[in-house]
2 protein chains.
Amino acid sequence: MTGLPHIDGLIAPRSVAVIGATNDVTRIGGRPIAAMLHAGYEGRILPVNPKRETIQGLPCYASVDALPEAPEAALIAVPAKLVPETVEALGRKGCMAATLFSAGFAETGADGEAAQRELVALAGRYGMRLLGPNTLGIYNVATGYFGTFSSSLDTGYPKLGNIGIASQSGAFGAHLGALARDRGLGCSVLITTGNEADITVADAIRWMAESDTTDVICTYMEAVNDAPALLAALDAAREAGKPVLALKSGRSAVGAKAAASHTASLTGDAVVADAVLTDHGAIMLRDPETMMDIAYAASKTVFPTRHSLGIITVSGGAGIVASDEAERVGLPMPPMPDGAQAKLKELLPYSSAVNPLDCTAQALNDPSLLESFTHAALEDGGYGAVLCFLTYVAGSEAMADAILQAMGPLRRAYPDRIIAFCALGDPEILNRYDEAGILIFNDPCRAVRALDAVLRFGSERNAERSSPPPPSKPVSLPDASPDEAAAKAILAQAGIAGAPERAVRDAGEAVNAADELGYPVVMKILSPDIAHKSDIGAVRLNISSADEVRAAYAAILAAVAEQMPDASINGILVAKQLSGGVECLMGINRDPTFGPVAVFGLGGIFVELLDDVAVKACPFGPDAARQMILSIRGGAILQGARGRSPVDIDALAQMLSRLSVFAAAAGKRLQSIDLNPVMAMPEGQEVYALDAVIELSDGRPGADDH
Amino acid sequence: MTGLPHIDGLIAPRSVAVIGATNDVTRIGGRPIAAMLHAGYEGRILPVNPKRETIQGLPCYASVDALPEAPEAALIAVPAKLVPETVEALGRKGCMAATLFSAGFAETGADGEAAQRELVALAGRYGMRLLGPNTLGIYNVATGYFGTFSSSLDTGYPKLGNIGIASQSGAFGAHLGALARDRGLGCSVLITTGNEADITVADAIRWMAESDTTDVICTYMEAVNDAPALLAALDAAREAGKPVLALKSGRSAVGAKAAASHTASLTGDAVVADAVLTDHGAIMLRDPETMMDIAYAASKTVFPTRHSLGIITVSGGAGIVASDEAERVGLPMPPMPDGAQAKLKELLPYSSAVNPLDCTAQALNDPSLLESFTHAALEDGGYGAVLCFLTYVAGSEAMADAILQAMGPLRRAYPDRIIAFCALGDPEILNRYDEAGILIFNDPCRAVRALDAVLRFGSERNAERSSPPPPSKPVSLPDASPDEAAAKAILAQAGIAGAPERAVRDAGEAVNAADELGYPVVMKILSPDIAHKSDIGAVRLNISSADEVRAAYAAILAAVAEQMPDASINGILVAKQLSGGVECLMGINRDPTFGPVAVFGLGGIFVELLDDVAVKACPFGPDAARQMILSIRGGAILQGARGRSPVDIDALAQMLSRLSVFAAAAGKRLQSIDLNPVMAMPEGQEVYALDAVIELSDGRPGADDH
């Protein structure tokens, strides 16, 4: 039981009505009944079909009204046009949870979408929760509840375990279930959400986070239909110590197109979704196999606090291959302490005792060597996980007992650490290690990737959370998108500093401003209609005398007159030209799914083309901003690579945090902000937004705020 | 039989003497005999042991001299100190190929290395080829020759097939063999080369390229001990239409360290090895599992000429996941032609017929839909490979026959294309598809990666080879590393243009030079002792008047006097300051394994930190240089991204090609060249090396050239 009673009723019902029940076990209305009978469902099955006395040997009822009790759940396997009256009847009867197998709703177009909305409203009147429509349903292995018509059961039933699966796609969810089953992994529940008219993967994840049936949550999504609920569900899972392994498709151009035609909702931008979900603790994956590898490792519920790996090998080559993979994924492999190295060298002179630890083919004849090396790695190395590459040796009948005898006590002595084998051979033999609590992988690189994910989860659980964002001030936005000077004035109120500058209306004022600010100066057009000023020659740099100021003033106006004659002009901006810093870009984009998202990167065309940016949902505090800034590949430049002076990262983080707070407070009319460049000056010398563009949607200020 | 008779004798001998033979089948001298007896070796086994009349039921000989014939091959399983006399005796007897299991040579240090050198010299006197020492040996599945003591055979024997394995590491090679066996893949030979005193993986690859036993070559290397032989072997394999799948370890810092401690030779720079081996057709991999996936796909020896993929799926979600992976690895998925899409839509209205093609769960009940979609993908889409995601459905007994009946004729009608299934289920059932010529994968992403590799191999085999590099002129190098002006003069003779510039010796000459060249100019110190001039303030930019020239002259000399007072000074260089181009860097590094290697990237600190460079062994022609230039991630900038004018890529390619020809002709004293920046001007305006540093090793010019 969880704190979500209606979903308990949907996933673990004590009775289920099957509307459209049939004797034909290959049809949608027949499959679930056959499956529940086969699996020994512990609740009551109530088939409904006006034409039959019994269905698959069970008493059958002519209608929902004729049912002897209010079923806790219902499976609806009738054509789309009959669904509304069925839901109505179920509601009247007091059923609180229905699974709608029926297709023919939002996935078919506008009419279906309208029908689906009406259905939700109808169910809502009875307080009934809906799964689907167009869903493959649910199974709950522990209770034998198989509210699904998946043909995956034709090739075998799932094994009971602690891995839960929530999938928008029925076929893909069933594929994950079959994949787990074929690998011998145990599942708790499979929940496929179809069109998500009501219940979403977020609800399914939330239920699993609260349910003690599930320790590891696997999810497949194409679109995020309820972002706040999803993020709250992820937070709940993290809080409960349950990793969420997420595969969100639609990354590539081709994939995104297929996603749009496949689901009834738009797929949000993949980079943003990745960043936001990762921020809430999800482990974002690309393929189902890696998902199952990590689910397997996590299903043991050992999450060491140290994100570090020790590798012990009987083949130097394999040690190198695995180490290379660890470096690639960023899993640290610190060397063994010197003293421990010396002891191992004494034990086995030709060994390598740094990390990877090569205990050579000697260990094949003498498993005590394996034990000594593993013990040293756990005790002296202190690694979160130890991976032993044992290849075909561990899979031989002759060696298995000796290895188990050597390693079993270690396994028990270090219960909070992971011991994993990379081994080939007879699955029956390898399974003995698994039963002794030792993880078994075939491939060293897959082992490294799975261990990395589980270790990362463990170490991040214990890491300090970022402090909350500073409180926001009220934001008042103008009627229309402001020009640069107005944009900077708005941002200045939010504590975001532009460069020292003056807005001027004639050449004389421009010269005075330049004299005051000090040369060299930059001059640029002030117009709300011109976003990319330098593209049309309306920005001039390196202006170092009064004559040049006058010449630039004329040249800019001439350029604008020629290229954008209809642009309204509010004057020209004269700004002190800063140098010696590093150009960055900072911005806000309103994501249709996750709302305002901050973007940070280095400035310049190169970095832009190389996609080296960090992304984070607004708002956030300065320490989170700092992490974000340092996470980009070019972050080293800001910290003073190659003899440069480090820039004022504290000031940069302050500005980014303030921008995020401003964006979150500004409401839905704020479409985007571009601060490009932001000049990050050397440490202690602050940072300045040299240009600012704010784009607002039309409409009165505040009209559709929040 | 190949054109390598002694290696034939080593790998497929008709008789083999086992020196140090024993009855104990767990020992090195006993295992090979037991394995050959078990496998039914078709040749003659001649055990040698002074203390026994028979060994494992075979007549035993007291010594090599006592053998009744010259064995074609010998296995040496005696302690290191007895190896030389054994080799000597075998040489006298007329044996031409010996496998040295014995350890205790180069892998143990300098003494062992000397002993190993003597051994090679000794064998050389008899024309005898050596495998090892410190090798796990060879197996040849077809002839039952098991010249190996690998304990991998304890868990089963390899299956006969067309995949050959060549590995420096014995344990890793045996692991690959066991991995293939556990997956049901057939192998021809396993050759492990150990210390490579004589025979290297290059020889093994060469033999496989020539032998008709092998169609796919898998190799694991830690160091390249004979680069020219390796490249020739790769060329021979490509010529023979046999893909070489290579795992070269030591990529990461940790990995490289382990490699150095593990083998008797240095590991070359990983990036260079990757680039050079890829250039010679090797498929470079990171993990053994991907190697086996590709080996499996390639073992069918169908290499379509088109590098394109069509995906057919019964789950939209899986189609998206697989498409995302195809995009990630760069495998094109062009859409279906419009007409074909319309036909499929007519056949199945709710399908998606673009690519991926979603034939929906309908196809589960009606395999003729699967056939129609696959036929359209092959015929109308023209894809090199078609991947059908069938999940657990294809694995059900009920569906297998129907699917095979639908797909079998297609398989036969398009013999030059690949049809692959992604499927789960009973291996026995899945194997039926494999036997019908349909590739079977469990994971859609692994399938995509394997297909990509095989399709790439097929399309590149048919691609035009780059034209050869232009002929080189003789190069004469100075006694010591030249200063910038001298370096530019040397390069100018090779057709590599510097910016318009003058070397001057006083401020007056500097002003004259600047007046002649036209302002603005750049000024910098001329000194052979100062490589990084800007780091010490010895470069000045944006000099735009005679006064500024004088000031800069004094300032540069003052900076050098303060920071590098002992540097010898040859004057100051005044150069026209070019602008409007894109800064690139070009260079040469002498790789210890592969000789001079050219490097190309964009200039600037950002790109340098982001490792976005292309690398290629010298020399090469302009078209290869062009490919290299466009292969970097930032290549779009050179082609005119974001409204920039495209740069003169032809001139850039000419310069890079000329640099490569110069470097190849310059001989071993050339350590490195840095042209940084090279200013690539807009199209038609040429490119200029604005700075040039040539580093030479000490010694008389030409002393150790070539």
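The values are calculated or read from the model by the stated rules, or taken from the named source; none is laboratory data. Just so it is clear, the model here is predicted, and its values are computed rather than measured. Ideal geometry is used to build each Cβ from the backbone, glycine not excepted, and the neighbour counts take in all protein chains shown. When the accessible area is computed, the model is the full protein with side chains, heavy atoms only, and any ligands, DNA or RNA have been set aside. Shrake-Rupley method; radii C 1.70, N 1.55, O 1.52, S 1.80 Å.
Within segment B:609-621, does at least one residue satisfy the condition of being in a helix (DSSP H, G or I) and free of Cβ contacts under 8 Å to residues at least 40 places away in the same chain?
Yes, segment B:609-621 contains at least one residue that is in a helix (DSSP H, G or I) and free of Cβ contacts under 8 Å to residues at least 40 places away in the same chain.
Output the residues belonging to segment B:358-395 that are of a type in the set (S, T, N, Q), modelled with pLDDT of 85 or more and open to solvent by 10 Å² or more (accessible area, probe 1.4 Å). Full working, then the answer.
The initial filter retains those residues of segment B:358-395 that are of a type in the set (S, T, N, Q), namely B:360, B:362, B:365, B:368, B:372, B:374, B:391.
Next, only the ones that are modelled with pLDDT of 85 or more stay: B:368, B:372, B:374, B:391.
Those that are of a type in the set (S, T, N, Q), modelled with pLDDT of 85 or more and open to solvent by 10 Å² or more (accessible area, probe 1.4 Å): B:SER368, B:SER372.
Would you call A:ARG238 surrounded by fewer than 21 Cβ atoms within 10 Å (Cβ to Cβ), in contact (Cβ under 8 Å) with a residue 24 or more places away in the chain and closer than 23 Å to A:ALA142 by Cα?
Here the answer is no, as A:ARG238 does not meet what is asked.
What number of residues within segment B:320-343 are surrounded by fewer than 22 Cβ atoms within 10 Å (Cβ to Cβ) and either outside any loop (DSSP other than H, G, I, E, B) or within 10 Å of chain A (Cβ to nearest Cβ) (or both)?
12
Among the residues of segment B:576-594, which ones are buried (at least 23 other Cβ atoms within 10 Å of the Cβ) and touching a Lys or Arg at 6+ places or on another chain (Cβ under 8 Å)?
B:VAL582
Just one of A:GLY194, A:GLY170 is more than 23 Å from B:GLU397 (Cβ to Cβ), in the same structural domain as A:VAL244 (by TED's automatic domain parsing) and open to solvent by less than 30 Å² (accessible area, probe 1.4 Å); which is it?
A:GLY194
Yes/no per residue for (1) within 14 Å of chain A (Cβ to nearest Cβ); (2) of a type in the set (D, E, K, R); (3) within 30 Å of A:ALA400 (Cα to Cα):
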{"position": "B:VAL120", "(1), (2), (3)": "no, no, no"}
{"position": "B:ALA123", "(1), (2), (3)": "no, no, no"}
{"position": "B:GLY132", "(1), (2), (3)": "no, no, no"}
{"position": "B:PHE149", "(1), (2), (3)": "yes, no, yes"}
{"position": "B:SER167", "(1), (2), (3)": "yes, no, yes"}
{"position": "B:GLY170", "(1), (2), (3)": "yes, no, yes"}
{"position": "B:HIS175", "(1), (2), (3)": "yes, no, yes"}
{"position": "B:VAL189", "(1), (2), (3)": "no, no, yes"}
{"position": "B:THR193", "(1), (2), (3)": "yes, no, yes"}
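Determine whether A:GLY408 is under 19 Å from A:ALA297 (Cα atoms), in contact (Cβ under 8 Å) with a residue 60 or more places away in the chain and away from chain B (no Cβ under 14 Å).
No.
Mind checking which residues of segment A:468-494 are part of a loop (DSSP other than H, G, I, E, B) and either assigned by TED's automatic domain parsing to the domain that holds A:VAL329 or in contact with a strand residue (DSSP E or B) (Cβ under 9 Å, 6 or more places away or on another chain) (or both)?
Within segment A:468-494, A:VAL475, A:LEU477, A:PRO478, A:ASP479, A:ALA480, A:SER481, A:PRO482, A:ASP483 meet the criteria.
Just one of the numbered conditions (1) at positive phi; (2) in contact with a strand residue (DSSP E or B) (Cβ under 8 Å, 6 or more places away or on another chain); (3) without any contact (Cβ under 8 Å) to a residue 40 or more places away in the chain is not true of A:ASN134; which one?
The failed condition is (3).
Which of the following residues is touching a helix residue (DSSP H, G or I) at 6+ places or on another chain (Cβ under 6 Å), among the polar types (S, T, N, Q) and surrounded by 15 or more Cβ atoms within 10 Å (Cβ to Cβ): A:SER481, A:SER527, A:SER472?
A:SER472
Can you tell me which residue in segment A:118-158 is nearest to the chain's Cα centre (by Cα), limited to those that are open to solvent by 40 Å² or more (accessible area, probe 1.4 Å) and within 21 Å of A:ARG14 (Cα to Cα)?
Top of the filtered list is A:ARG129.
Assess whether A:ALA552 counts as being assigned to a loop (DSSP other than H, G, I, E, B) and open to solvent by less than 20 Å² (accessible area, probe 1.4 Å).
No.
Okay, residues lined up against (1) touching a residue at least 40 places away in the same chain (Cβ under 8 Å); (2) assigned to a strand (DSSP E or B); (3) surrounded by 17 or more Cβ atoms within 10 Å (Cβ to Cβ); (4) within 14 Å of chain B (Cβ to nearest Cβ):
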site: A:ALA503; (1), (2), (3), (4): yes, yes, yes, no
site: A:ILE556; (1), (2), (3), (4): no, no, yes, no
site: A:PRO565; (1), (2), (3), (4): no, no, no, no
site: A:PRO596; (1), (2), (3), (4): yes, yes, yes, no
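Restricting to segment B:634-656, count the residues that are away from chain A (no Cβ under 14 Å), open to solvent by less than 20 Å² (accessible area, probe 1.4 Å) and farther than 16 Å from B:ARG590 by Cα.
Adding up the residues that qualify gives 6.
Give segment A:441-453 a look and list any residue that's closer than 24 Å to A:PRO409 by Cα and open to solvent by 30 Å² or more (accessible area, probe 1.4 Å), or say none.
A:ASN442
Find the helices (runs of 4 or more DSSP H) located wholly in segment B:143-257 whose residues include 2 or more that are over 23 Å from A:ILE429 (Cβ atoms), and list them.
It comes to B:201-210, B:227-239.
Provide a single number: the residues in segment A:571-594 that are part of a strand (DSSP E or B) and farther than 30 Å from A:ALA229 by Cα.
Summing the residues that are part of a strand (DSSP E or B) and farther than 30 Å from A:ALA229 by Cα in segment A:571-594 gives 10.
Would you point out the residue of segment A:278-319, among those that are among the charged types (D, E, K, R), within 14 Å of another protein chain (Cβ to nearest Cβ) and in contact (Cβ under 8 Å) with a residue 40 or more places away in the chain, that is surrounded by the most Cβ atoms within 10 Å (Cβ to Cβ)?
A:ASP293
Go through (1) open to solvent by less than 20 Å² (accessible area, probe 1.4 Å); (2) at pLDDT below 55; (3) facing chain A (nearest Cβ under 10 Å) one by one and return the number of the condition B:GLY268 breaks.
If we test B:GLY268 against (1) open to solvent by less than 20 Å² (accessible area, probe 1.4 Å); (2) at pLDDT below 55; (3) facing chain A (nearest Cβ under 10 Å), just (3) comes out false.
Being at the interface with chain B (Cβ under 10 Å from one of its Cβ atoms), small (Gly, Ala, Ser) and at positive phi is the requirement here; does A:GLY425 meet it?
Yes.
Any residue at all in segment B:658-671 that's hydroxyl-bearing (Ser, Thr, Tyr), at pLDDT 90 or above and open to solvent by less than 20 Å² (accessible area, probe 1.4 Å)?
Yes, segment B:658-671 has at least one match.
If I ask for residues that are open to solvent by less than 10 Å² (accessible area, probe 1.4 Å) and either away from every other protein chain (no Cβ under 13 Å) or closer than 20 Å to B:HIS307 by Cα (or both), which ones from segment B:396-405 would you list?
B:ILE403
Counting only residues that are in a loop (DSSP other than H, G, I, E, B) and either within 12 Å of another protein chain (Cβ to nearest Cβ) or not charged (D, E, K, R) (or both), how many does segment A:356-375 have?
Residues that pass the stated criteria total 4.
Quick grid of which residues meet (1) crowded, with 20+ Cβ neighbours inside 10 Å; (2) farther than 28 Å from A:SER660 by Cα; (3) not aromatic (Phe, Trp, Tyr):
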position: A:ALA487; (1), (2), (3): yes, no, yes
position: A:ALA494; (1), (2), (3): no, no, yes
position: A:GLY498; (1), (2), (3): yes, no, yes
position: A:ASP506; (1), (2), (3): no, yes, yes
position: A:ASN512; (1), (2), (3): no, yes, yes
position: A:ASP515; (1), (2), (3): no, yes, yes
position: A:TYR519; (1), (2), (3): no, yes, no
